[in-house]
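The next block holds one structure in the form of structure tokens; read it before the comments.
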Amino acid sequence: MKTYRKELWFDVPSRRAFINITPQVEACLKESGVMEGLVLVNAMHITASVFINDDESGLHHDFDVWLEKLAPYEPVQQYRHNRGEENADAHMKRQIMGREVVAAITKGKLDFGPWEQIFYGEFDGMRKKRVLVKIIGE
Ligand code: ZN
């Protein structure tokens with residue numbers, strides 16, 4: 001069995017963003033040489049997400065509005081976690097959008113359904129953060 005590990009780094013210039021990381025994951029897959037197996041992609045920070053959905057800007061706007069309704073950034077003082085920092089909303093947004101995805105690898109490609117793409121969701125940006133890519137298979 002082959003194994004492969006890589007960290008992808010992000011330094012998002014805004015507080016929140018969604019980034020399509022499918023090309024980077026496909027590059028990892030190619031580098032791994034795995035033809036049949038599984039790929040795990042997870043955020044290594046507790047205020048960021050990795051998720052699979054459609055690459056459609058309207059939907060990303062809708063996600064952002066929906067998350068801001070569920071866990072508004074302000075007023076900052078509404079959260080107990082914000083005694084000392086101010087990213088409680090980011091922890092909650094990440095919890096809803098998820099930590100990781102697992103995708104099947106078939107014949108050397110990501111075995112996706114129609115429109116499926118992998119995204120990095122940033123909820124407390126303007127600093128360096130990592131995503132782990134782990135691939136196992138033959
Ligand atoms: Zn925090």
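The values are calculated or read from the model by the stated rules, or taken from the named source; none is laboratory data. Since the model is a prediction, treat every value here as computed from it, not as a measurement. Cβ placement follows ideal geometry from the backbone for every residue including glycine, while neighbour counts extend to all protein chains displayed. Surface accessibility is based on the protein's heavy atoms, side chains included, excluding ligands, DNA and RNA. Shrake-Rupley method; radii C 1.70, N 1.55, O 1.52, S 1.80 Å.
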Item to complete: Give the long-range amide H neighbours of Tyr4: residues separated by 5 or more places, or on another chain, with amide H under 5 Å away, using H modelled in the peptide plane at 1.01 Å from N.
Response: Ile135
Discussion item. Net charge around Tyr73, counting only other residues with Cβ within less than 14 Å of its Cβ (Lys, Arg = +1; Asp, Glu = -1)?
Written reply: -3
Response to the item:
In the chain, taking the dipole from +1 charges on Lys and Arg beta carbons and -1 charges on Asp and Glu beta carbons about the Cα centre, the listed residue (Ala48, Thr22, Pro75) farthest towards the positive end is Ala48
Worksheet item: How much net charge surrounds Val133 when only the other residues with a Cβ under 13 Å from the Cβ of Val133 are counted, with Lys and Arg +1 and Asp and Glu -1?
Response: +1
Worksheet item: Sorted by average packing, counted as other Cβ atoms within 10 angstrom per residue and highest first, what order do 127-136, 59-68 take?
Response: 127-136, 59-68
Worksheet item: Do the alpha carbons of any pairs in Lys69/Lys109; Lys2/Lys69; Lys2/Lys128; Lys69/Lys107; Lys107/Lys128; Lys30/Lys69 sit beyond 32 Å of each other, and which pairs?
Response: Lys69/Lys109; Lys2/Lys69; Lys69/Lys107; Lys107/Lys128; Lys30/Lys69
Response to the item:
With the charge dipole of the chain built from beta-carbon charges (+1 for Lys and Arg, -1 for Asp and Glu) about the Cα centre, the Cα from Gly113, Met97, Gly37 projecting farthest to the positive end belongs to Gly37
Worksheet item: How much accessible area per residue does the chain have, in Å², with a 1.4 Å probe?
Response: 56
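Evaluate the relative contact order of the chain (contact order divided by residue number), counting alpha-carbon pairs under 8 angstrom at least 6 apart; express in whole percent. Mind dumping the intermediate values first?
On the way: 277 pairs, mean separation 76.7, N = 138.
The value is 56 percent.
Using packing as a proxy for protection, rank 27-36, 103-112 so that the peptide with the highest average count of other Cβ atoms within 10 Å comes first.
By packing density, highest mean first, the sequence is 27-36, 103-112.
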Worksheet item: If you put +1 on each Lys and Arg Cβ and -1 on each Asp and Glu Cβ, how big is the dipole of the chain around its Cα centre, in Debye rounded to 20?
Response: 580
Worksheet entry | Ellipsoid equivalent to the chain - semi-axes via the Cα gyration tensor, in Å | 30, 16, 11
Worksheet item: What's the carbon and sulfur percent of the range 1-105's accessible surface, probe 1.4 angstrom, rounded to a whole number?
Response: 54
Fill in: Packing-based ranking, highest mean first, of 80-88, 12-20, 115-123 given that Cβ atoms within 10 Å are counted
115-123, 12-20, 80-88
Discussion item. With viscosity set to 1.002 mPa s at 20 °C, what whole-number translational diffusion coefficient in µm²/s follows for the range 61-138 from Stokes-Einstein and a Kirkwood radius over Cα pairs?
Written reply: 141
Worksheet, complete the sentence: Neighbours of Met1 by Cβ distance under 12 Å: Lys/Arg at +1, Asp/Glu at -1, summed charge -1
Worksheet item: Straight-line reach from Lys134: which aspartates and glutamates have Cα under 18 Å away, leaving out those fewer than 8 places along the same chain?
Response: Glu7, Glu26, Glu31, Glu36, Glu100, Asp111
Discussion item. Under a crude label model (7 Å from the Cα following the beta-carbon direction), how far is Glu7 from Asp54 in nanometres?
Written reply: 3.6
